[in-house]
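What follows is a short report on a single structure.
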């Protein structure tokens, strides 16, 4: 049976011009298909071994107007070094005009566990961060 993990990070912002790093953290909401409740910042998400899956960090609900556009925002993921060096996991979608980014993985395994950080930038300034720890069901909490 193929199970897919969907981790959605939604960022809702209002008026971010001149916002300091971390000031938008409270607007970040993390949802997952394997956990009904909202995943709080610095929480651990237990992920079963899988053939394929992905994480989504989405900031497409940020405020836009005549002077602020989607392309003013940039979303990126930081993942554990052991995961970065594996060809079965990669980041995509963060180079487009929509502020979102995916981490796509094949066969979730022990070297994919660890700290994943979603960062939201506004015009090159860090304005929001959300951290999620991924773990296999038989491993202890990482947070």
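The values are calculated or read from the model by the stated rules, or taken from the named source; none is laboratory data. It should be emphasised that the depicted structure is a prediction, and the values quoted were computed from it without experimental measurement. For neighbour counting, all protein chains shown are included, and Cβ atoms are generated from backbone atoms with ideal geometry for every residue, glycine included.
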By residue number, the members of the range 79-96 that are within 15 Å of residue 56 (Cβ to Cβ) and surrounded by 14 or more Cβ atoms within 10 Å (Cβ to Cβ) are 79, 89, 90, 91, 93, 94
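Let me confirm something: among 53, 128, which residue is touching a helix residue (DSSP H, G or I) at 6+ places or on another chain (Cβ under 7 Å), crowded, with 21+ Cβ neighbours inside 10 Å and in contact (Cβ under 8 Å) with a residue 24 or more places away in the chain?
On the way: 53 fails: touching a helix residue (DSSP H, G or I) at 6+ places or on another chain (Cβ under 7 Å).
Within the list 53, 128, the selection yields 128.
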Which strands (runs of 3 or more DSSP E) does the range 1-108 wholly contain that include 1 or more residues that are closer than 18 Å to residue 122 by Cα, at pLDDT 70 or above and more than 14 Å from the chain's Cα centre (by Cα)? 52-61, 73-78
So, in the range 40-49, how many residues would count as being in contact with a strand residue (DSSP E or B) (Cβ under 9 Å, 6 or more places away or on another chain) and surrounded by fewer than 19 Cβ atoms within 10 Å (Cβ to Cβ)? 6
